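Down below is the structure, laid out as structure tokens.
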Amino acid sequence: MKGFFKGSATALITPFDENGVNYEALGKLVEHQIDGGTDAIVFLGTTGEPSTMSFEEEHILMEYAVKKVAGRAKVIFGCGSNNTADAVMTAKKAESYGADGLLAVTPYYNKCTQNGLVEYYKAICESVSIPVIAYNVPGRTGVEIQPATMAKIAEIPNIAGIKDAGGNMSKTMETFRLVREKCDVYSGEDALNLPILACGGAGVISVLSNIVPADVKKLCTLVHEGKIEEAIALNDKLLPLANACFVEVNPIPVKEAMNLVGFNAGSPRAPLTKIEPQNREKLVAAMKNYGLEIKV
């Protein structure tokens with residue numbers, strides 16, 4: 001299927017405190033996204049640290065998120081797992097709470113075959129009626145959706161697209177060629193947002209847009225309106241900040257960045273740790289160069 005959403009989606013961080021999810025802080029983060037014109041918000045994606053959350057915590061967050069967003073943007077929940085049964089259970093729960101769609105990362109650690117990936121996405125999609133985006137991020141999972149495999153996955157009726165964070169533009173272009181008429185392609189790597197959009201990407205699922213949602217949305221709009229020179233200029237400004245968001249493993253830098261601009265994002269959950277001092281300096285420098293006000 002095509003056309004689930006077009007434009008910018010934010011892979012939202014989850015703010016934690018000593019009691020669990022900090023819902024006061026989460027609400028402010030949601031409003032920041034709405035104010036920035038974000039088209040869709042992804043909760044419980046990799047950036048949201050669901051691997052450190054209990055099912056109970058996830059379900060409470062799902063119910064809260066749908067009510068808080070209140071139809072002002074599409075709500076997408078992460079549901080992927082290295083256990084297909086858990087992925088199916090989470091998908092069903094997300095649909096029951098009113099999700100508009102799902103983002104399903106490939107199984108991690110198990111290292112299933114390409115046929116296993118097809119069966120995994122079939123199981124998730126057949127358990128729900130809402131759109132599902134496949135998430136390809138081999139650097140984190142050890143499993144890569146090959147273009148020919150994505151072409152098979154795209155035949156599943158409620159597959160809405162692929163979030164491509166593979167970092168290989170040659171494979172991305174082949175995926176475009178094979179699925180262009182079947183489902184959408186979304187950039188999942190901020191450093192490659194511009195070329196993926198320019199090649200026909202429907203949008204982005206961005207970490208960077210936690211910080212500057214309006215500018216990431218603007219990049220999508222400029223490309224879709226054919227204003228490529230303006231898009232290139234904006235991308236040149238965005239790129240150093242995007243790179244700074246990955247000086248350590250995501251979401252360590254972006255959580256620190258949100259703290260620095262005045263949001264109570266808290267710290268990542270163990271085994272992730274706070275950003276190292278030398279990398280914090282790089283992040284602060286990039287934020288200042290971008291023109292962001294450091295508040296703490």
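Here is how the numbers come out for the structure above:
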{"read-out": "The lone exception for Ile294 - which of (1) modelled with pLDDT under 95; (2) touching a strand residue (DSSP E or B) at 6+ places or on another chain (Cβ under 7 Å) it fails", "value": "(2)"}
{"read-out": "All positions within the stretch 241-274 that are more than 19 Å from the chain's Cα centre (by Cα) and closer than 22 Å to Gly291 by Cα", "value": "Asn259, Leu260, Val261, Gly262, Phe263, Asn264"}
{"read-out": "Whichever residue in the stretch 125-175 is surrounded by 21 or more Cβ atoms within 10 Å (Cβ to Cβ) and more than 22 Å from Leu192 (Cβ to Cβ) and, among such residues, is farthest from the chain's Cα centre (by Cα)", "value": "Cys125"}
{"read-out": "Residue that is touching a His at 6+ places or on another chain (Cβ under 8 Å), closer than 28 Å to Ala154 by Cα and surrounded by fewer than 23 Cβ atoms within 10 Å (Cβ to Cβ), where the choices are Lys111, Lys6, Lys2, Lys74", "value": "Lys6"}
{"read-out": "Matching residues, the stretch 139-170, being within 18 Å of Ser81 (Cα to Cα) and among the hydroxyl-bearing types (Ser, Thr, Tyr)", "value": "Thr141"}
{"read-out": "Scan of the stretch 231-285 for residues that are surrounded by 14 or more Cβ atoms within 10 Å (Cβ to Cβ) and polar (S, T, N, Q), ordered by number", "value": "Asn235, Asn243, Asn250, Asn259, Asn264, Ser267, Asn279"}
{"read-out": "Count of residues meeting criterion [within 20 Å of Leu292 (Cβ to Cβ), in contact with a Gly (Cβ under 9 Å, 6 or more places away or on another chain) and of a type in the set (S, T, N, Q)] in the stretch 172-224", "value": "3"}
{"read-out": "Residues within the stretch 217-234 that are part of a helix (DSSP H, G or I) and without any contact (Cβ under 8 Å) to a residue 12 or more places away in the chain, tallied", "value": "3"}
{"read-out": "Checklist (1) crowded, with 23+ Cβ neighbours inside 10 Å; (2) in a loop (DSSP other than H, G, I, E, B); (3) in contact (Cβ under 8 Å) with a residue 60 or more places away in the chain; (4) not hydroxyl-bearing (Ser, Thr, Tyr) applied to Leu103, failing item", "value": "(2)"}
{"read-out": "Candidates Thr10, Thr47, filtered to the one that is part of a helix (DSSP H, G or I) and of a type in the set (S, T, N, Q)", "value": "Thr47"}
{"read-out": "Residue pairs meeting the criteria (Cβ under 6 Å; at least 6 apart or on separate chains; first closer than 18 Å to Lys217 by Cβ, in the stretch 29-52; second part of a helix (DSSP H, G or I) and of a type in the set (S, T, N, Q))", "value": "Ile41/Gln33"}
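Okay, residues lined up against (1) closer than 22 Å to Val88 by Cα; (2) out of contact with any helix residue (DSSP H, G or I) (no Cβ under 7 Å at 6 or more places or on another chain); (3) in a helix (DSSP H, G or I):
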residue	(1), (2), (3)
Lys111	yes, yes, no
Leu117	yes, no, yes
Glu126	yes, yes, yes
Ala151	yes, no, yes
Met173	no, yes, yes
Arg177	no, yes, yes
Tyr186	no, yes, no
Ala191	no, no, yes
Pro195	no, no, yes
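The values are calculated or read from the model by the stated rules, or taken from the named source; none is laboratory data. Small disclaimer: the values here were computed from a predicted structure and weren't measured. No Cβ is skipped: glycine too gets one built from the backbone with ideal geometry, and neighbour counts run over all protein chains shown.
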